[in-house]
Amino acid sequence: MIDAIVLGGGIVGASAALMLAQKGQRVALVERDFCGSHSSGVNYGGVRRQGRPLHQLPLSQRAHQLWADLPGLIGIDGEYVRSGHLKLARSHADFAALQAYAEQTRGFGLGLQLLEHAELRARFPWVGDIAVGASLCAEDGHANPRLVSPAFARAAQRLGASVYEQAEVIRIEHDSHQFQVHCANGLHLQAPWLLNCAGAWAGTVAAQFGEP
Ligand SMILES: Cc1cc2nc3c(=O)[nH]c(=O)nc-3n(C[C@H](O)[C@H](O)[C@H](O)COP(=O)(O)OP(=O)(O)OC[C@H]3O[C@@H](n4cnc5c(N)ncnc54)[C@H](O)[C@@H]3O)c2cc1C
């Protein structure tokens, strides 16, 4: 018996599988290639809150707290470093936009520091004269996506999730009780819940239910 099938082993699917497994749900994570081998494993690794729209910030702050103890969550540090993110303003209009963003987000705890030209030059001389000012979020940072994304899937597996790699989902039906999920390698899974975490391919999956 499976409670939930997670389709897609990127960071979205693998972290959903991990959270469900933590809550005692029986989870199957199904990945066409290898977990973390697509966008989640090959991106720039930025882990940031600065610049996100206001409506995303409560969730970003919760994620920020989880990342503070990445080894506790996934068993490795994933080369995660809170190195700081510097957003540069190349015009006075840009700097006014950074000031407005800092004002709007004051209650969210991002700790943004606005640096005018002289202070920016003093603290970050390599910027040169290209910027008139900047906004620093000292607690934003980066991680190694090649390490972090597969580690989420392995952590889910350690908590009991079944992880199927090289298992491309080719057909899904709903029989009014359960999702019936068929893979190219002959694997057949069924569960009352299906999470569509197929990244750039999620629309193709959703199209099978008339929601492209
Ligand atoms: C160049 C680049 C730079 C980026 N930089 C950053 C950054 O600095 N910071 C940041 O936060 N984000 C960044 N991103 C965005 C980030 O990488 C993505 O938002 C994130 O990886 C999406 O995760 P995902 O799990 O939705 O998708 P994916 O990692 O693509 O996972 C989806 C998975 O679904 C699987 N799948 C699809 N169809 C099927 C099927 N039919 N059967 C089985 N499996 C299937 C795929 O094989 C894939 O592994 C960047 C992205 C790119 C491309």
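May I ask what percent, to the nearest 5, of DSSP beta bridges between residues of the chain are antiparallel?
That works out to approximately 65 percent antiparallel.
Carbon and sulfur atoms: what percent of the 1.4 Å accessible area of the chain do they account for?
The value for the chain is 54 percent carbon and sulfur by accessible area.
Per the helix-only calculation at 222 nm, which mean residue ellipticity applies to the chain, given -39500 (n - 2.57) for every DSSP H run of n ≥ 4 and division by its residues, nearest 500 deg cm²/dmol?
Theoretical 222 nm ellipticity from helices: -9500 deg cm²/dmol.
For the stretch 85-142, what is the accessible area per residue in Å², given a 1.4 Å probe and the full set of protein chains?
Per-residue value: 57 Å².
Keeping every protein chain in place, order ARG158, ARG48 by accessible area at 1.4 Å, biggest value first, i.e. largest first.
Descending order: ARG158, ARG48.
Does the chain come out rounded, prolate or oblate, given a ≥ b ≥ c as the square roots of the eigenvalues of its C-alpha gyration tensor, rounded meaning a/c under 1.5 and, failing that, prolate meaning a/b above b/c?
The shape class here is prolate.
For the stretch 99-114, just list the computed ³J(HN,Hα) in residue order, Karplus coefficients 6.51, -1.76 and 1.60, θ = phi - 60°, integers in Hz, with x standing in for Gly and Pro.
Result, rounded to whole Hz: 5, 5, 5, 4, 5, 5, 9, 3, x, 8, x, 7, x, 5, 10, 8.
Ranked highest first by average number of other Cβ atoms within 10 Å, how do 111-117, 29-35 line up?
29-35, 111-117
Quick one: grab the alpha carbon gyration tensor of the stretch 85-142, order the square roots of its eigenvalues as a ≥ b ≥ c, and give me rounded if a/c is under 1.5, else prolate or oblate depending on whether a/b is larger than b/c.
Since a/c reaches 1.5 but b/c is at least a/b, the shape of the stretch 85-142 is classed as oblate.
With a probe of 1.4 Å, find how much accessible area the stretch 1-73 has per residue, and write the answer as a whole number in Å².
Each residue of the stretch 1-73 exposes 51 Å² on average to a 1.4 Å probe.
How many angstrom lie between the Cα centre of the stretch 37-62 and the Cα centre of the stretch 1-35?
20 Å
The values are calculated or read from the model by the stated rules, or taken from the named source; none is laboratory data. For clarity, every value in this text was computed on a predicted model and none was experimentally measured. Don't worry about glycine lacking a Cβ; one is built from the backbone with ideal geometry, like all the others, and counts go over all protein chains shown. Only protein heavy atoms, including side chains, enter the accessible area calculation; ligands, DNA and RNA are left aside. Shrake-Rupley method; radii C 1.70, N 1.55, O 1.52, S 1.80 Å.
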